[in-house]
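**Student:** One structure, pasted below without further comment.
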């Protein structure tokens, strides 16, 4: 009896152990995957090679050491000189692929500035400030300028604004020609324009709404520097610190580097106050003066040229600006002029065209005096009979009546 009990107990214990082993084998755990990846992608190779000269191809492939992605390439990747036809920018596994659509300019250094758009595919570690350059000519231009863009109203940094250079120093270049070199401000308002040819430039900031790299929309915010800039450089040194850990310094050594100038440009962004300018209406409310009324203040007062009359004196009128400069009263000092009911004059003034650009406009204006008729007085006619007056009637009706 005891032997049988012991044998059954061993069988029960063996069965429970077997069930435990089977359950352990069936319960699959998730691997921990090792330490967290904090390293951004690294450049491996490219076609063409970095800073290659005499390259005329339109396709650029850049290989990294891991899978990558490009965040909003149409906004964050800056190609200079500016491309009028948008290029194709995409990630393909470990590669960044750029296909240019514009015709390449001869003897020009092209820069592809990825800013902070490249990151690895999983942990999103960003490869910061990565740029790539090649040249269609025999040399690579290497000069740089840098600075910061601030809001003119509150001096806050302005991110995501296009910064551009013009080697054409005429004032009209900003509204007629696209930039020759461009960059874009980061989240701190800082910018760097790379691979610049030696020369003299004007620098601008532009909130480029229609992406044509020139100021042709009145609503676009702008900034500019009054003086020209001349990019240059010098070889200098700086201190480089190697750390054992986050608290302990290992070594401090002096290293040489190239410092580019100017590196402290400050631009202040503002929006130009703009109104379309045109003449509202001419009028002559009184015989002694006439008025030319415009929708906004004029910088210069139009000079009227007589057409249907000849004044006796050159000073046949005096000018008075009213309504904040938007209306001009011309007071007539010559009696031979103001006695005329209709005056015809020719006036020239600046008027906004279809592109919102002020152009000289010449109009012939007819000024007619609208005389108000005198108020007619009602006069009694002599032969008109007096109105009929009916006899008056008096009624004496007391409040109470005597019945008898």
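The values are calculated or read from the model by the stated rules, or taken from the named source; none is laboratory data. Predicted, not measured: the structure shown is a model, and the values here were computed from it. Neighbour counts run over all protein chains shown; Cβ positions are idealised from the backbone, glycine included.
**Student:** If you take the residues in segment 119-157 that are more than 17 Å from the chain's Cα centre (by Cα) and under 16 Å from residue 203 (Cβ atoms), which one is surrounded by the most Cβ atoms within 10 Å (Cβ to Cβ)?
**Tutor:** Checked segment 119-157; the qualifying residue surrounded by the most Cβ atoms within 10 Å (Cβ to Cβ) is 145.
**Student:** Among what's in segment 294-304 and is touching a strand residue (DSSP E or B) at 6+ places or on another chain (Cβ under 6 Å) and assigned to a loop (DSSP other than H, G, I, E, B), pick the residue that is modelled with the lowest pLDDT.
**Tutor:** This residue is 295.
**Student:** Within segment 330-355, how many residues are assigned to a loop (DSSP other than H, G, I, E, B) and within 30 Å of residue 217 (Cα to Cα)?
**Tutor:** 3
**Student:** I'd like the full set of residues that are surrounded by fewer than 17 Cβ atoms within 10 Å (Cβ to Cβ) and either assigned to a strand (DSSP E or B) or without any contact (Cβ under 8 Å) to a residue 24 or more places away in the chain (or both), limited to segment 179-213.
**Tutor:** The answer is 190, 209, 210, 211.
**Student:** For segment 158-176, enumerate the residues that are surrounded by fewer than 16 Cβ atoms within 10 Å (Cβ to Cβ), touching a strand residue (DSSP E or B) at 6+ places or on another chain (Cβ under 7 Å) and under 23 Å from residue 186 (Cα atoms).
**Tutor:** Once the filter is applied, which keeps residues that are surrounded by fewer than 16 Cβ atoms within 10 Å (Cβ to Cβ), touching a strand residue (DSSP E or B) at 6+ places or on another chain (Cβ under 7 Å) and under 23 Å from residue 186 (Cα atoms), segment 158-176 yields only 160.
**Student:** Name every residue in segment 305-329 that is assigned to a loop (DSSP other than H, G, I, E, B) and closer than 17 Å to residue 341 by Cα, in order of residue number.
**Tutor:** Residues satisfying the conditions are 307, 308, 309, 310, 311, 316.
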